[in-house]
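The block underneath contains the structure these notes are about, expressed in structure tokens.
Taken together, the values in this text are just the output of simple stated rules run on the coordinates, not laboratory data. Quick caveat: nothing in here was measured; it's all calculated off a predicted structure. We place every Cβ from the backbone using ideal geometry, glycine too, and count neighbours over all the protein chains shown.
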Amino acid sequence: MRRLLVALLCIVFLSGCSEDLSFSEVSKDVVNKDIKTFISNVKNENGIYLYFDKQNTIYVYLNASNVKQGEKAVHFNGFDVEGNGDTLHILYNRDKTDDYSNQSLKYELLYKVNADKKYDNIKSFSNGEEVPFDLVTGNQ
């Protein structure tokens, strides 16, 4: 009986150690200096950026905060990640507005992705269409 209990505890402990693919929105104020520097270097250009931090930790920076006079402002709504074999899919939606002063719209977002494994390919999709990353970098 005791061996069965020990075996069960070991299984529960080891299954708790496995990582799942997950993401969370993070503030630029709480990330490390390297990521702050990276964002500072690209914040004047709209686009989607990847930053590889530690093993299986990826930051996705979505930036549309630079609006040209007379053009509609782009904002983001919805973000998700999906593993598909050896490919990680970064999924997000964007929309346009004439209401530049709407504080509830998100023109700039930073996400931390905790990958469940090392992926051979990473693809981004905006409103269901594949789009290239504007820059991929990191400290690895």
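Which entry in [x] 28, 17, 14; [y] 36, 16, 15; [z] 52, 18, 12 is this structure's computed semi-axes √(5λ) of the Cα gyration tensor in Å?
[y]
Please report the net charge: other residues with Cβ closer than 14 Å to the Cβ of F125, K and R +1, D and E -1.
In short, -2.
Determine, for the range 20-138, the count of lysine pairs separated by eight or more sequence positions (or lying on different chains) whose alpha-carbon distance falls under 13 Å.
9
For K72, what is the net charge nearby, where nearby means another residue's Cβ is under 10 Å from its Cβ and Lys, Arg count +1, Asp, Glu -1? Kindly include the intermediate steps, with their values, before the conclusion.
Values: positive: K68, K96; negative: E71, D95, D98, D99.
Cβ neighbours under 10 Å give a net charge of -2.
Looking at the range 21-62, which trypsin sites (Lys or Arg not before Pro) are DSSP coil and have at most 15 other C-beta atoms within 10 Å of their C-beta? Before the final figure, lay out each step's value.
Values: sites: K28, K33, K36, K43, K54; in loops: K28, K43, K54.
Here the sparse-neighbourhood loop sites are K28, K43, K54.
Suppose R0 equals 22 Å; then what is the FRET efficiency for D116 and D34 from their Cβ-Cβ distance, rounded to the nearest 0.05? Display every interim value, and only then the final one.
Details: r = 23 Å, r/R0 = 1.06.
Calculated transfer efficiency: 0.40.
Place a +1 charge on the Cβ of each Lys and Arg in the range 24-140 and a -1 charge on the Cβ of each Asp and Glu, then give the dipole magnitude about the Cα centre in debye, rounded to the nearest 20. Don't skip to the end; give the middle numbers.
Details: 14 positive and 18 negative charges, 73 e Å.
Here the size comes out at about 360 debye.
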